[in-house]
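To keep things clear, I will list the structure first and then write my remarks on it.
The values are calculated or read from the model by the stated rules, or taken from the named source; none is laboratory data. A quick note: this is a predicted structure, and the numbers were derived from the prediction, not measured. When we count neighbours, we look across all protein chains shown, and the Cβ atoms used for this are built from the backbone with ideal geometry, even at glycine.
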Amino acid sequence: MEGNDEITERTNDKGEYMKKRWLAIGLSICLALSMFSTLDVRVSAEDAGVAPAEETIVPPEEGETTLVEDETAIPAQEGDVSEDEKEEMSEENEADISAEENAVPSEEESVTPVEIQIMDEYGNITYIMDEVSPVVEEPSMRARTFDVSDKVVNLRAKKNGTAADVKNPMNYTEYGTGKKGYVYGYMGADAAYLGTENGKVKFMISGVIGMVNEAEVQVVSQSAEKVSSYYANGTSLIHIICSNMNAAPNDYRSELNVGPQQSYMKTGTKYYSYDGHYFYTDYSVMLADYRNNTRSRSINAQSPYYNYYQYLPFRSTTGYTATQLSSKINAKTNNSSKIWNLGNSLITNQNTYGINALLAAGIAANESAWGRSDIAQAKNNIFGLNAVDNSPGTSSDTYSTVDACVKNFAEGWMSKRYLNPNNENYYGGFLGNKASGVNVKYASDPYWGEKAAAIAWGLDSEGKDRYKYTLGVKDVISGTGYINLNVRKESNASSAQLFTAGPQTDHSFLILGQSSEFYKVQSDPVLNSGRTGIDGSTGRYDFSKMYAYVSSNYVTVVSGKVNQGTPGEGTSPPGKTADTLAVRRGNTYYFKYSLSDGVADLTVPYGKASDEVLIGDWDGDGVDSLCVRRGNIYYFKNGLSGGEADYVVRYGRAGDEVLVGDWDGNGVDTLCVRRGNTYYIKNSLSDGEADITVLYGRANDTVLVGDWDGDGTDTLCVRRGNVYYFKNSLSNGEADSAIPYGRATDQILTGDWDGDGKDTLCVRRGNAYHIKNGIAEGVADQVVLYGKADDITYAGRWKK
């Protein structure tokens, strides 16, 4: 090499030695170039568009709109350094690399055991000692190419290869708002890596996008087995939370039930998400979407998932009585627990201070390990009040009784502080995550809100509370908008502003109704008697008087339906009863009065286990009942009870396919015999000739019956694979509408699921029922769990 003669003469071995040194310099330069060539130029979300003058936008910080790569990272030109200086630089470079490697603890070094809380999918809580080093060993940096697409942030280790502080959470600054936050990596080790900007690592965990000094975290290669993920088990969606990226894949992890499996999910498939709303099957694709401020390549890009209990505002009520709630809680613990028979205290404080008793129970169970934690037992403190991370046992508050603790939590902590927009802890009045909700400031555990919600799902086994209310969310994609939405006294833009919701994304509202272009919502804070402002002097809450309005242009409905002009809870319209489910096991029928899981509301034995059974309203009283078919003889029962049939009718042949419907709109269901593509309809429960004969479809079609247009008359629908051809009259000819829905192999039920007078489809997969409330394709409006996967299921209206 030119210019190296003097070096060559020093020793016979130096030629080969210097080749290695020059190779080290070359690799260092390539590494620096590849690192900075992969970084994106970021434009703030606020620059994407201008909001109407009605609402307030949080402006970007000065200099935030465009990020410039660090100029000091550009390597010097070869001619700028002498050959002797190059040799010195090479030696220094090798020394620096060696020093960095030596900073990583060796396998022989001791690891400080850490106690970690683990929750399983049933809400059971255990504490384990984690004795595995959290530092991920990476291959030598000299042999790696830096690729942002496959990186993950290890929150339990620092850049220098030492473990993160076990006593204190990691502090960060939220990207887009500049607000300070904190997270405890020992409760959630991994975060999505979004890049490094000006010496700060940009990451996402639990919905929040944060910036942290790069020295405080370890950026490592992504391993599919050692990061948090989700899977659908056939009925529920389970969130697997990694607590130690260096441990075996199945060790040190929580598995949280975050709600019903969604219709767009496949059983057994692994999904990735760091916001819990949009799911991916490919980790690198997810990171690319995050960096580009989009969710377009997620499996549910048009239907973000919001865990109902995680985003249900506290300003709501449970349907369980104090006795029922105590029974639910007691089933998970014993009489030595500090939350034994807690139902009465929770309901009393719910009715006084407006804090949902079921959600409060979820928090108490999580914070106190079902009333068995040392703090709960010694201090009657079941909510972890003032149990700060670095000294929980010493700093936590002491109460004379558990009831006193519940009162202070509901009145002082929630109603006056965390649900008061004038308080610095306010990020929305719901459990939430690290992007929004009480979780932001109440707990360093990034999945604290999910855990309390998981317990609420388990306690609500009867389904009395799930999907009871209509929920709406502003800024449904984290990091793409920070609208500080005005909350007004009345439903117009000139009305007085009561408060602002805050810039946080994924802010949830409980929607009571709609007036013009405004949603009527339950107020998070206590309002004064004139409903002209916040009353911070009291925690007492009046559900009927404390409401407000927000512009519907900025809120996306994520659960339930909005009733126009009047308050509502997303339930059936007044005076109309929706269809629900019943399961059959042998000759016993288990009827449910609501679309929910849990114990049957009515159990009736009827007929034989081998009987074919039809469902219909045989006497026009508005309630469906059973009919046993044996050959061509039909045994009708006019009430949901056992005993003798009320009347017996002979019709058709023993081998006929038989359908049931109200063919003439008189409120009474009757029979229809199908032979091929010919339908023989009888308008009375009697034998004899058919009243109407109709040709429709093909002989091998699958046929469904329902009132598709709400005119009171049942008609036919032909199913071919996963395409449905609806006819709104009893006639031949073209279908009036056709839609694809579900899969060709799905079992289908029909019913009026929302009580609007129109029948729609329900896909059954195992014991999960994916219900659609309109004749349209797309994601199910509701997913309900009931019974077992091998049950025979019927749809009907079991009570008036």
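If you go through segment 730-738 one residue at a time, do you hit one that is in contact (Cβ under 8 Å) with a residue 40 or more places away in the chain, surrounded by 14 or more Cβ atoms within 10 Å (Cβ to Cβ) and acidic (D, E)?
No, segment 730-738 contains no residue that is in contact (Cβ under 8 Å) with a residue 40 or more places away in the chain, surrounded by 14 or more Cβ atoms within 10 Å (Cβ to Cβ) and acidic (D, E).
On the basis of being under 19 Å from L671 (Cβ atoms), in contact with a strand residue (DSSP E or B) (Cβ under 8 Å, 6 or more places away or on another chain) and free of Cβ contacts under 8 Å to residues at least 24 places away in the same chain, does A690 make the cut? Here the answer is yes, as A690 does meet what is asked.
Of all residues in segment 631-658 being aliphatic (A, V, I, L, M) and part of a loop (DSSP other than H, G, I, E, B), which is surrounded by the fewest Cβ atoms within 10 Å (Cβ to Cβ)? If we take residues in segment 631-658 being aliphatic (A, V, I, L, M) and part of a loop (DSSP other than H, G, I, E, B), then A654 is surrounded by the fewest Cβ atoms within 10 Å (Cβ to Cβ).
For segment 449-480, a tally of residues being among the small types (G, A, S) and at pLDDT 90 or above returns 7.
Pairing residues of segment 405-433 that are basic (K, R) with residues that are surrounded by 24 or more Cβ atoms within 10 Å (Cβ to Cβ), at Cβ distances under 7 Å and at least 6 apart in sequence or on separate chains, gives K416/G539. Counting only residues that are β-branched (V, I, T), closer than 18 Å to S523 by Cβ and touching a Lys or Arg at 6+ places or on another chain (Cβ under 9 Å), segment 427-484 holds 1 of them.
Among the residues of segment 223-260, those identified as touching a Ser or Thr at 6+ places or on another chain (Cβ under 8 Å) and assigned to a loop (DSSP other than H, G, I, E, B) are N233, G234, S243, M245, N246, Y252. Picking from residues in segment 600-630 that are basic (K, R) and assigned to a strand (DSSP E or B), the one that is nearest to N683 (Cα to Cα) is R629. Whether a residue is within 24 Å of the chain's Cα centre (by Cα), without any contact (Cβ under 8 Å) to a residue 40 or more places away in the chain and not in a loop (DSSP other than H, G, I, E, B) was assessed, and C717 does not pass this test.
Does segment 773-780 contain any residue that is closer than 27 Å to E612 by Cβ and touching a strand residue (DSSP E or B) at 6+ places or on another chain (Cβ under 9 Å)? The answer is no; no qualifying residue exists.
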